[in-house]
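A short worksheet on the structure shown next.
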Amino acid sequence: MFKCLRLRGVLLGLALLLALTSACSNNAGNSKLEGKLEGPLKVMYVHEGLFFQKYGNLFITKYPGVELEVVNSQWMFNYAGEDINKALQQYVEERQPDVILLNESNYSYAVDNGMLFPLDSVIQQDQFDLDSILPFVTESLKEQGAGMLYGLAPTFSGSALYYNMDLFQMYNIELPRDRMSWQELFALAERFPTNGSDGERIYGLTSSTTSSNAIFDLLSNVARTHGLFYTSADGTSLTMDSEAWRTIYENIVKAYKSGAIFDPSSDFFSEDLFLKEQAAMVLEGSYYLNQITQAEDQSGSTINWGLATIPVDPAEPDATIAMGLTEIFGINANSPNKKLAWEFIKYINGPEVAKTLSRTTDGSLSVRSSFVSEMNGRSLAVFYELTKPRNFNKRYEHLPQGFEDAFAEIVSQETTSILENKQTIDEAFQHIKDRGSQELQQAHEKGSITKKNK
């Protein structure tokens, strides 16, 4: 009797094991995408012409039986914060693109709300090469996907310090180097002469934009380099009441007062001074490469420019605030064309497209480091030097609508008042904190009222 029960138990265990094995086998089979590599495919993108130029034409050359339709997503730039995420979800539900275009600010929302099909199984089945992709790309996407991949990004955006080699040679100043601190950058800018009128003089450092928010942008960039943000994690309070913030602000004000940095609040700010060769250095994104090319084509002359990394925190010399994923492609979880959608994503994230992207001049940087771009014989490897991105997207998500622009205006007004000798640094910094806190509270109250009325 005892032996019989043991035998029945063993048989029952074997039956359960076979059932589980069969279930696992069926699940693995289900994860293999079915369908044809032809027919219609709806892809979400910001501009139809640019889509076919970068990706579409290459894909249909390899798959001529595919009919690509671009679902335009440019309208989403009219939304901000939480609104854009809800608008995105509604738009996807209405238009049902097979491939969804995302960025770092809405990727996690799409994952959390079940909008995307997980890619891990098909990546493994197709032995898709992830190893040659920059680690920060897959690490960032997995982090936001609870350890799983729901999208892939063929390109990333970066920033660098552009400098005019002729101006440095003219004034016998050593060229910028990689991984300078902000203080070293300001000191380098201050070595250039400050004499001459606005329309003729040379500046050590400038912004390419004519925005009156340039002072705020610089303040925010220096702070984020050191791991600081001007509001709390939940976006409810200002967090500038520290000696670190006070020191950063003072250093920026002193650099502006020295005359080394172009003051965008002055009357003369209608043109890009770096492209006019009236500024020795400018901090800009990789897209600025295209602006240099356009300026050279229009003027008929060339700028003798070079690149260095953007400034870093000496305590973390590999960390950067200037790496981001602006084009993340994922498969719509409700798409009936998942196989074709995956083939498209796999192709545009593969080495063939990476090689093509490395020859473009629109500032697209391939995430595959073996395909580092060149421009006019200059290597763009500097954009790959800093490997640890500092991401503040979550902080921006919690900012109430309209606050950042209003706060930027406050910083600009108070700092301009210092430059005009109307108040001290301490007075201006206190005003920034007081007015900023009041503006933040009002923005939250206004946002709450708006939500209640919807």
Being in contact with a helix residue (DSSP H, G or I) (Cβ under 8 Å, 6 or more places away or on another chain) and under 28 Å from Thr302 (Cβ atoms) narrows Phe403, Phe371, Phe392 down to just Phe371
Got at least one residue in the range 311-325 being touching a residue at least 24 places away in the same chain (Cβ under 8 Å), under 30 Å from Val66 (Cβ atoms), of a type outside the set (Ser, Thr, Tyr) and surrounded by fewer than 22 Cβ atoms within 10 Å (Cβ to Cβ)? yes
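Let's see how each residue does on (1) among the hydrophobic types (A, V, I, L, M, F, W, C); (2) touching a helix residue (DSSP H, G or I) at 6+ places or on another chain (Cβ under 9 Å); (3) touching a residue at least 12 places away in the same chain (Cβ under 8 Å); (4) open to solvent by 40 Å² or more (accessible area, probe 1.4 Å):
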| residue | (1), (2), (3), (4) |
| --- | --- |
| Lys36 | no, yes, yes, yes |
| Met44 | yes, yes, yes, no |
| Glu48 | no, yes, yes, yes |
| Lys62 | no, yes, yes, yes |
| Ala87 | yes, yes, no, no |
Output the residue which, of all residues in the range 145-167 that are of a type in the set (A, V, I, L, M) and not in a loop (DSSP other than H, G, I, E, B), is farthest from the chain's Cα centre (by Cα). Leu167
Qualifying residue in the range 106-113 (condition: within 23 Å of the chain's Cα centre (by Cα), closer than 30 Å to Phe403 by Cα and surrounded by fewer than 17 Cβ atoms within 10 Å (Cβ to Cβ)): yes
Tally the residues that are touching a strand residue (DSSP E or B) at 6+ places or on another chain (Cβ under 8 Å) and among the β-branched types (Val, Ile, Thr), restricting the search to the range 90-132. 3
Out of curiosity, is Phe117 closer than 30 Å to Trp75 by Cα, modelled with pLDDT of 95 or more and open to solvent by less than 60 Å² (accessible area, probe 1.4 Å)? yes
Kindly provide the set of residues from the range 378-418 that are polar (S, T, N, Q), touching a strand residue (DSSP E or B) at 6+ places or on another chain (Cβ under 9 Å) and either open to solvent by less than 40 Å² (accessible area, probe 1.4 Å) or assigned to a helix (DSSP H, G or I) (or both), ordered by number. Asn393
Within the range 150-174, how many residues turn out to be surrounded by fewer than 20 Cβ atoms within 10 Å (Cβ to Cβ) and over 20 Å from Val312 (Cα atoms)? 7
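The values are calculated or read from the model by the stated rules, or taken from the named source; none is laboratory data. Computed from a prediction, not measured in an experiment: that's the story for all the values here. Note that each Cβ is placed from the backbone with ideal geometry, even for glycine, and that neighbours are counted across all protein chains shown. Surface areas here come from the heavy atoms of the whole protein model, side chains and all, with no ligands, DNA or RNA. Shrake-Rupley method; radii C 1.70, N 1.55, O 1.52, S 1.80 Å.
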